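Here the structure comes first, spelled out in structure tokens, and everything after it is commentary.
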Amino acid sequence: METQNHVGVIVVAAGKGSRMGTRESKQYLLLEDKPIIVHTLEVFDRMPLVKEIVLVTGADDIDRCAGWVSRYGLRKVIKVISGGRERQQSVYKGLLAIGTEWVMVHDGVRPFVEPEHVEACYRKAVNTGAAVLAVKVKDTIKQVSESGMIEATPDRRSLWAIHTPQAFRLSDLRKAHEQAEADGFTGTDDSMLVERMGIPVNVVEGSYTNIKITTPEDLEYAAFMLKHRGEKNT
Ligand SMILES: Nc1ccn([C@@H]2O[C@H](COP(=O)(O)OP(=O)(O)OP(=O)(O)O)[C@@H](O)[C@H]2O)c(=O)n1
Ligand SMILES: C[C@](O)(CO)[C@H](O)COP(=O)(O)O
């Protein structure tokens, strides 16, 4: 499969980061002197597979994000736009701003995604219709009631933790978002919206290091990861 300049990427970074608890939204915190969002964008900007990137950010952050795009030479970032109240609305605004046949959606706070996994996810989507990166869960997962009682123990062999990127045909994902909006349905990822349209979604095994930086301990791990990577590359 020819994979030059094929796919559009929507990087969502319009969240408030309330679980991180910092004044500055987590996607703008520095990791080795560079905002987390820049680390994330660099992964996709460097990939030959990627044609264009739309960055979805907070309305008040557009100017500084555009500044980083030019300062860090992120040539594929064609638009920096404002997001919505929920992640789902931010993704939808990105979908209206992108023009490729295939699209990948990625969290701005997952800077450690491996290019080979991004490519594997894209290839799987093109071959099958839709794909997401994920890892097998390592813990035993319980379904627990609000009062703290265990209700069920699903078979771990069928449980995966879902990551981004998630890759779809642009027309499918737009329709899925529009249907969800019409139905008043909010999902926690894009594949949920596509699944409810009856479109099968494949899982592609990624890496446990593709963390979503969510709480303060994730930042410590992220700093460790970057340092370790730097050492490996010297
Ligand atoms: N209205 C929103 C909410 C979230 N996101 C983005 O979606 C990604 C995953 O969301 P999450 O980690 O939950 O980020 P926040 O919503 O910022 O975090 P929290 O739930 O702790 O407030 C992040 O890159 C975040 O910026 C977004 O673009 N628009
Ligand atoms: C899309 C996602 O990153 C997949 O793990 C995740 O569901 C986002 O969820 P959040 O509620 O925004 O943390």
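The values are calculated or read from the model by the stated rules, or taken from the named source; none is laboratory data. Everything quoted here is computed from the prediction, not taken from an experiment. Cβ placement follows ideal geometry from the backbone for every residue including glycine, while neighbour counts extend to all protein chains displayed.
Residue pairs whose Cβ atoms lie under 8 Å apart, separated by 6 or more positions or on different chains, with the first residue in region 62-82 and surrounded by fewer than 19 Cβ atoms within 10 Å (Cβ to Cβ) and the second hydroxyl-bearing (Ser, Thr, Tyr) and part of a strand (DSSP E or B), are 62/82; 81/57; 82/57.
Of the numbered criteria (1) under 20 Å from residue 166 (Cα atoms); (2) in a helix (DSSP H, G or I); (3) touching a strand residue (DSSP E or B) at 6+ places or on another chain (Cβ under 9 Å), the one residue 84 fails is (2). Does at least one position in region 215-230 carry a residue that is free of Cβ contacts under 8 Å to residues at least 12 places away in the same chain, part of a loop (DSSP other than H, G, I, E, B) and either within 13 Å of ligand 2 (Cβ to nearest atom) or not charged (D, E, K, R) (or both)? The answer is no, given that none of the residues of region 215-230 is free of Cβ contacts under 8 Å to residues at least 12 places away in the same chain, part of a loop (DSSP other than H, G, I, E, B) and either within 13 Å of ligand 2 (Cβ to nearest atom) or not charged (D, E, K, R) (or both).
Only a single item in (1) in contact with a helix residue (DSSP H, G or I) (Cβ under 6 Å, 6 or more places away or on another chain); (2) at pLDDT below 95 is not met by residue 2, and it is number (1).
Of all residues in region 188-214, those satisfying the criterion of being aliphatic (A, V, I, L, M) and either at pLDDT below 95 or assigned to a helix (DSSP H, G or I) (or both) are 192, 193, 194.
Restricting attention to region 24-34, the residues being more than 16 Å from the chain's Cα centre (by Cα), crowded, with 17+ Cβ neighbours inside 10 Å and within 12 Å of ligand 1 (Cβ to nearest atom) number 2.
The residue that is nearest to ligand 2 (Cβ to nearest atom), among those in region 23-61 that are touching a residue at least 24 places away in the same chain (Cβ under 8 Å) and in a loop (DSSP other than H, G, I, E, B), is 25.
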